[in-house]
Amino acid sequence: METKDILFELRTKNRLSQDELAEKVFVTRQAVSRWETGETTPNIETLKALSKLYDVSINTLLGSPRQMICHCCGMILDDSTTSKEINGCFNEDYCKWCYNQGDFTLDFWKRYKELGGEDMFQDYKNQLIHEINSLHIEGLPKIDHLNVLSGSFINLEYRLPNGSIIQFLDDDATYLANQMPCEFGGSRCFGIAANMDFLLVCSYEKNGENPELVIFKKR
Ligand SMILES: [Zn+2]
């Protein structure tokens, strides 16, 4: 749908006249009319005001030109899962679980923000991806991204030959992680988890059953 149709639909759905909407977002009634005929589109400040007023993202107002993805965990976003700032504006870069009330929810991510922001974090991620691909593990497809995940989701229990059980991750920590199907087919998957200190590759069956450690390497 085009922006002009979306704006018309949102206004009528919210039972506002052009005059009433104009007053709410500090423009003239003529401006509202021109948006709805497609003559002009609202400027960025007005888009922000409309986004807040209608509780839809700017991406939605513009007819969803881009697929929104959380920069932190990689999930695909829609207006109901996108995070917001304290002032109620959407933050279209993150999901509401990774970012809430103006701050990141994961310690891991906070730390990298402190260290140098998103560029630094991307460099770190790319370095890890390179390190994992350089291991040339048989059956493991080349990886091209990693997501941030809580240790509690991926902390598998491995059984040692002597029968004891061992876990390598910390439930409360966050890791860069991914899951990949085995190139040789079958139901086994590879799991990858890494942080600043080590990287771990394991394989397992559906739902993390019968895990086997492939590699645990200090970085
Ligand atoms: Zn997220």
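The values are calculated or read from the model by the stated rules, or taken from the named source; none is laboratory data. Nothing here was measured: the structure is a model prediction, and the numbers come from that model. Quick reminder, even Gly has a Cβ in these numbers, built from the backbone with ideal geometry, and neighbours come from all protein chains shown.
Things worth noting here:
- Single condition LYS4 does not satisfy, out of (1) away from the ligand (no atom under 16 Å from the Cβ); (2) modelled with pLDDT under 95: (2)
- Meets criteria (of a type in the set (A, V, I, L, M, F, W, C) and assigned to a helix (DSSP H, G or I)) for ILE132: yes
- In the set (1) within 30 Å of LEU176 (Cα to Cα); (2) crowded, with 16+ Cβ neighbours inside 10 Å, THR3 fails one condition alone, (1).
- Total residues in region 150-181 satisfying the condition of being in contact with a Leu (Cβ under 9 Å, 6 or more places away or on another chain) and closer than 17 Å to VAL201 by Cβ: the figure is 14.
- Considered as a group, the residues in region 82-105 that are within 21 Å of PHE121 (Cβ to Cβ) and assigned to a loop (DSSP other than H, G, I, E, B) include one that is nearest to the ligand (Cβ to nearest atom), and that residue is CYS98.
- Enumeration of residues in region 127-152 that are under 24 Å from ILE69 (Cβ atoms), surrounded by 14 or more Cβ atoms within 10 Å (Cβ to Cβ) and not polar (S, T, N, Q): LEU128, ILE129, ILE132, LEU140, ILE143, LEU146, VAL148, LEU149, GLY151
- Looking only at region 58-78, residues that are part of a loop (DSSP other than H, G, I, E, B), more than 15 Å from the ligand (Cβ to nearest atom) and in contact (Cβ under 8 Å) with a residue 24 or more places away in the chain come to 2 in all.
- Positions within region 189-202 being in contact (Cβ under 8 Å) with a residue 40 or more places away in the chain and more than 23 Å from the chain's Cα centre (by Cα), in sequence order: CYS202
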